[in-house]
Amino acid sequence: MKRTLSAALLSAAAFFGSVPSHAAEPSGTVYLLVPNVTTNRWAKFDIPNMTEAMKKYAPGVELKVLNANDDMQQQVSQAESALASGALGIILVSVDPPRSASILAKADADGIPVVTYAHDPGPGPVSYHVSVPFSDIGEAQGKYLLENLPEHRPVRLAYMLGDPKFAFYPEQMKGFDTYLKPLIENGTVEVVCQADALLYLASNAQKNMEQCLTKTDNGVDGAIVMNDDTGGGVIAALSAQDLVGKVKVYGGYDATLEGIQRVLLGWQAADMAPPYKGMADAAVQLIVSKIKEEEAPAGVVNGTWPSTFTEGGVPARLEPNVFITADNMQETVIDAGLFTKEELCGGIGKDAGFCKN
């Protein structure tokens, strides 16, 4: 059943002509379904930022986090339990978007709004989607790679990619191809290996890179990855062969602490990040507006996201990406509040030149 203001409150509204704004504030629980908490961004940025935003926009609403441990069936069960317990709404980061149809259909049947976040909306009814423009990611990373190619010719690149089921993948590949395809065709770049890491798991990326190094007898000049988790897996494989820093890793995304530290150390060429606070704030504003049965706040929706289910796409909030290098670390990471210098300079980061100044 769709949750709305109580009948008594509606009667009072009719009798007195209006309801004080504080009386109309929703109370209950919104569920945030995340794929895991091992990927740095969820626990470090998205969950705390959404919790803070919920206190701001709907102080009577509890944001309850459910971690699926990278298990899609577990996430489906969690969603069903959330709906059965009277959820006001769901913010969904799907473990495997193509398999989220049952979650979306059940929520729609129960009249419960769903805002999808970061990962694709999936094949079902969605109120809003919050993400970043994926095409920009591959474009920026491909351009940076072109401008920072290793000197060895041909440049022997390993494409250590992510999971093709996610829209992130083909859009990022389009950007890579814009800059690298001409170089591959003229012989400047040779792709010596290419493999996908399902669910973007570091363990899968590590296995792929180990197999590549065996196949090429360590004949690799650089590796292209799609995010920091897969980048970490590639670095682990390189470490076993004493190749860390000698084989440059390109294409990181998510700005995990380890990813940023690898940039400082010169192991990873650059990194990128979504503006976490802006994304979280938008997601909460949108789910709250749906719970209140109001239009989205002015200016929050600024685009659409392609959907196999919704003709014309899902109304979306698209936040611009941030490109991070060792040269702009102060501005893009420390001043932006992602990490403190103390955090960056702990662990492996302590040996970076940035941390010795």
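The values are calculated or read from the model by the stated rules, or taken from the named source; none is laboratory data. Treat the numbers as computed from the prediction; the structure is a model and nothing was measured. Backbone-built Cβ (ideal geometry, glycine too); neighbour counts: all protein chains shown. Note: areas computed on protein heavy atoms with side chains; ligands, DNA, RNA excluded. Shrake-Rupley method; radii C 1.70, N 1.55, O 1.52, S 1.80 Å.
Which value, in Å², gives the accessible area per residue of the chain when a 1.4 Å probe is used on the protein heavy atoms?
About 43 Å² of surface per residue is accessible.
Using the basic label-point model (7 angstrom from Cα toward the beta carbon), what is the ASP242 to THR188 distance in nanometres?
3.3
Once every Cα of region 175-253 carries one equal point scatterer and solvent is ignored, give the base-10 log of I(q)/I(0) from the Debye formula at q = 0.19 Å⁻¹, two decimals.
Here the Debye-derived log intensity ratios amount to -0.79.
Find the centroid of the Cα atoms in region 245-273 and in region 98-139, then give the distance between the two in whole Å.
29
When only alpha-carbon atoms count, how far does region 65-190 stretch along each of its three principal axes, as whole angstroms with the largest first?
Sorted largest first, the three principal extents are 61, 24, 21 Å.
Would you please state the base-10 log of I(q)/I(0) at q = 0.19, 0.22, 0.25 1/Å for region 179-222, with intensities from the Debye formula using one equal scatterer on every alpha carbon?
Taking Cα atoms of region 179-222 as identical point scatterers yields -0.68, -0.81, -0.89.
I want the local charge near ASN218. Using Cβ-Cβ distances under 12 Å, sum +1 for each Lys or Arg and -1 for each Asp or Glu among the other residues.
Taking every other residue near ASN218 into account, the sum is -1.
Take the Cα gyration tensor of region 124-197, multiply each eigenvalue by 5, square-root it, and list the three semi-axes largest first, rounded to whole angstrom.
28, 14, 9
Given the whole protein assembly as supplied and a 1.4 Å probe, what does the accessible area of LYS56 come to in Å², nearest 10?
Approximately 140 Å² for this residue.
Run lengths n ≥ 4 of DSSP H only: what is the helix-derived mean residue ellipticity at 222 nm for the chain, with -39500 (n - 2.57) per run over all residues, to the nearest 500?
The per-residue figure over the chain is -11500 deg cm²/dmol.
Quick check: at a probe of 1.4 Å, how many percent of the accessible area of the chain sits on carbon and sulfur atoms?
Roughly 52 percent of what the probe reaches on the chain is carbon or sulfur.
Could you please put LYS215, LYS277, LYS290 in sequence from largest to smallest accessible area, using a 1.4 Å probe?
LYS215, LYS277, LYS290
If you take the beta carbon distance between GLU331 and ALA109 as r and set R0 to 51 Å, what does 1/(1 + (r/R0)^6) give as a FRET efficiency, to the nearest 0.05?
Here the calculated transfer efficiency is 0.60.
Give me the accessible area of LYS207, 1.4 Å probe, in Å² rounded to the nearest 10.
120
Relative to the present Cα-Cα distance, how much length would full extension add between ASP70 and SER135 at 0.36 nm per residue of separation?
Between ASP70 and SER135, full extension yields 20.9 nm more.
Mind pulling up the Rg/Rh value for the chain? Radius of gyration and Kirkwood radius, both on Cα.
Over the Cα atoms of the chain, Rg/Rh equals 1.03.
Eight or more residues apart or on different chains, and alpha-carbon atoms under 23 Å: count the Lys pairs in region 253-357 matching that.
Summing the qualifying lysine pairs gives 5.
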